[in-house]
Structure formats: structure tokens, C-alpha cells
1. Does residue 6 qualify as being buried (at least 17 other Cβ atoms within 10 Å of the Cβ) and either more than 14 Å from the chain's Cα centre (by Cα) or assigned to a strand (DSSP E or B) (or both)?
2. Go over the candidates 141, 134 one by one and state the one that is at negative phi, at pLDDT below 95, assigned to a helix (DSSP H, G or I) and within 12 Å of the chain's Cα centre (by Cα).
3. So for the range 100-112 (the condition being modelled with pLDDT under 95 and in contact with a strand residue (DSSP E or B) (Cβ under 9 Å, 6 or more places away or on another chain)), does at least one residue qualify?
4. Collect the residues in the range 39-84 that are assigned to a helix (DSSP H, G or I) and modelled with pLDDT under 85, keeping them in residue-number order.
5. Which one of these is out of contact with any helix residue (DSSP H, G or I) (no Cβ under 7 Å at 6 or more places or on another chain) and at pLDDT below 65: 122, 164?
């Protein structure tokens, strides 16, 4: 028997967007340092995706007008509310994570080799401050543990952008990325 729905609701998530739905949803996005958090209820064929830009709302002095999925902590609250709407508990869901690339790798190129030692220190400190991808990954993984959500798969870090496609009806995720991580 074919599990594909007759009508597919296709959603593209921009940075900070969130989408949750039932078995006829397809959700897709394009990532750099942002992280796509995908949660799937394997038995009930429910799930969603958040295109997370930053770890915590309180650290970034944001306004209440920010997009719903912009912050990881807000995204988890959205997932929790969505799960309740379908009379499920968040701990019943499985996670898939993608993204969190370091999009600012210019500091590690050949030009880096000709810098003075003082310049290398400045660039190294700057590189640590702008690694938002790593900060997103670390925070989201902590949140998954606190909500008792198991991670099924992940493709995180590196220097590549990613295109991610999630079909809720079968729980499949497809990812495309160029091979630049060498």
C-alpha cells in the first residue's frame, strides 16, 4: 500500500520559521549556521521543523515581534504546544538535526598563514565569537536531553550550507550539500 498522501502541503521555512503538522506535510529549508530541528512522532506520523537562528532569546535582547522559530528555547516551547494539540508528549518524538555550519571560514585560508602572530590571535578570537553554528548545536543538544528526546540522525557543523527536505508521512529527511568540508 502506498503511504504517500493524495494532497501534499508543501512549506518552505525561512530563517526563524516554524511548521508542525500531520502526515500530508512536506517541510523544507536552506541552512548555513542556522540549525533545522526536526521532531517526528514515528507512530502517529506527526512532526515539524524549526529553522533556528540563535540559541536563547534572553541572550540576544530580542523583541516579542521576532519570528516564532528564531530561538531554540522558543522553538522547543512551540514544539511542546504543538505536541499537546495532538494529545502527545514531546518525549514521544524523535529528533533529526541539520546545519550549524561555520560560515566564516576565511580565517583558515592561505591568507591566514601570512599573518603576524598578533593578527592570528585577533582572528582566532573573532572566529570563536562568530561560531554561532556551534553555539546553536550545543544549546539544542542540551535542550533535547532536558526534554528526554532521542536523536535519530544528524549532520552538523562543517563549512557547508545544506538544503533539507522532510516528509512527515514517512519520516524521511533528504539533505543536499556541496562537498567543501575537505
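The values are calculated or read from the model by the stated rules, or taken from the named source; none is laboratory data. Because the structure is predicted, anything quoted here is derived from the model rather than measured. No Cβ is skipped: glycine too gets one built from the backbone with ideal geometry, and neighbour counts run over all protein chains shown.
1. No: the conditions fail for residue 6.
2. Working: 141 fails: at pLDDT below 95.
Exactly one residue qualifies, and that residue is 134.
3. yes
4. Passing the criteria: 58, 59, 60.
5. Values: 164 fails: at pLDDT below 65.
After applying the criteria, what remains is 122.
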